[in-house]
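Undergrad: Quick one: structure below, then a few questions.
The values are calculated or read from the model by the stated rules, or taken from the named source; none is laboratory data. Keep in mind it's a predicted model, so treat the numbers as computed, not measured. Neighbour counts are summed over all protein chains in view; Cβ atoms, including those assigned to glycine, are modelled from backbone coordinates with ideal geometry.
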Amino acid sequence: MTESTEAHMPKMKLARPVIPTILALAFLGGWEWFVRTGHVNEVLVPAPSHIFKWFYESLTNGELLSATWVTMRRLMIGFAIGAALGVPLGALCARVRWIRDTLGVLALGLQTLPSVCWVPLALLWFGQEESAVLFVVVMGTVWAVVIAVQESVLSVQPLYLRAGMTMGSKGWHMWSHVIFPAALPGIVSGMKQGWAFAWRSLMAAEIFVVILTGFGLGSLLHAGRELLRMDQVMGVMAVVVGVGLLADVIFFAPLERWLRRSRGLER
């Protein structure tokens with residue numbers, strides 16, 4: 001790498017967020033102008049300033065922070081349970097043919113089922129309880145993880161398996177030192193997909209399952225619809241998107257970079 005290239009790299013890193021920031025400000029400014037000039041009904045399409053006002057007020061009275069904490073707690077518990085079930089089940093589907101022909105096919109079918117379809121069953125089986133919400137989140141997570149792990153393990157090159165067996169690797173040693181490391185990039189991608197499905201499942205559950213012990217972001221979203229508070233609806237949607245992006249920046253993106261660097265795909 002030449003000195004001129006190294007000198008330009010910090011400038012490129014600094015300039016990278018400038019264009020998205022300018023575009024975002026231009027979009028918000030145009031949105032504000034469009035609403036303020038009366039082109040749309042301000043009740044149905046609030047201006048960004050009204051959304052920011054709701055955001056500030058809900059942060060000040062603690063309502064938004066409390067709802068976000070309740071939602072994140074449910075999300076992390078449900079996702080952890082779904083991933084803990086999905087990883088071993090997906091590995092079994094990949095290595096045992098009859099399990100793949102039964103559970104694997106079932107997982108593929110259930111993944112296509114919208115998460116909201118689990119809500120009536122959850123209400124009938126668990127009632128208006130925390131376990132009903134967790135059940136919906138787990139059902140929305142586990143099948144995506146099962147399919148991702150199954151496909152990742154099946155995609156491991158046979159050459160790696162033969163090399164491991166030649167060197168005497170078998171059983172758990174084969175799994176921990178050959179199969180799992182080779183399938184890890186696909187497994188991480190599956191976890192990321194499972195996280196997205198968990199989010200969608202949780203929002204569906206919180207909208208329909210009202211739990212007096214804890215109102216989450218889905219409950220705030222539903223309340224905004226009932227009260228015709230579109231500023232609240234759009235504000236909650238923005239929080240959900242922001243939390244999802246933050247999770248990717250803090251956890252998934254660094255993990256994926258580490259995997260690429262460990263395999264020599266990125267410096």
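Undergrad: Just checking: which of the helices (runs of 4 or more DSSP H) contained wholly in segment 117-179 hold 2 or more residues that are under 25 Å from ALA196 (Cα atoms) and in contact (Cβ under 8 Å) with a residue 40 or more places away in the chain?
TA: 118-126, 130-154
Undergrad: Do we have any residue at all in segment 6-13 that's in a helix (DSSP H, G or I), within 28 Å of the chain's Cα centre (by Cα) and modelled with pLDDT under 85?
TA: The answer is yes; a qualifying residue exists.
Undergrad: So, GLU151, is that one under 20 Å from ARG73 (Cβ atoms), over 15 Å from the mean Cα position of the chain (by Cα) and surrounded by fewer than 23 Cβ atoms within 10 Å (Cβ to Cβ) or not? Even if it seems obvious, please write down each step before you answer.
TA: Working: under 20 Å from ARG73 (Cβ atoms): no; over 15 Å from the mean Cα position of the chain (by Cα): yes; surrounded by fewer than 23 Cβ atoms within 10 Å (Cβ to Cβ): yes.
Against the criterion (under 20 Å from ARG73 (Cβ atoms), over 15 Å from the mean Cα position of the chain (by Cα) and surrounded by fewer than 23 Cβ atoms within 10 Å (Cβ to Cβ)), GLU151 does not qualify.
Undergrad: Counting only residues that are surrounded by fewer than 14 Cβ atoms within 10 Å (Cβ to Cβ), of a type in the set (S, T, N, Q) and either modelled with pLDDT of 85 or more or within 20 Å of the chain's Cα centre (by Cα) (or both), how many does segment 205-246 have?
TA: Residues meeting the conditions: 0.
Undergrad: Right, next: Could you tell me how many of the residues in segment 85-116 are within 19 Å of VAL133 (Cα to Cα) and assigned to a helix (DSSP H, G or I)? Explain how you work it out, then say what you get.
TA: Taking segment 85-116 as the starting set, the residues that turn out to be within 19 Å of VAL133 (Cα to Cα) are 85-86, 110-111, 113-116.
Then keep just the ones that are assigned to a helix (DSSP H, G or I); that gives 85-86, 110-111, 115-116.
Matching residues across segment 85-116 total 6.
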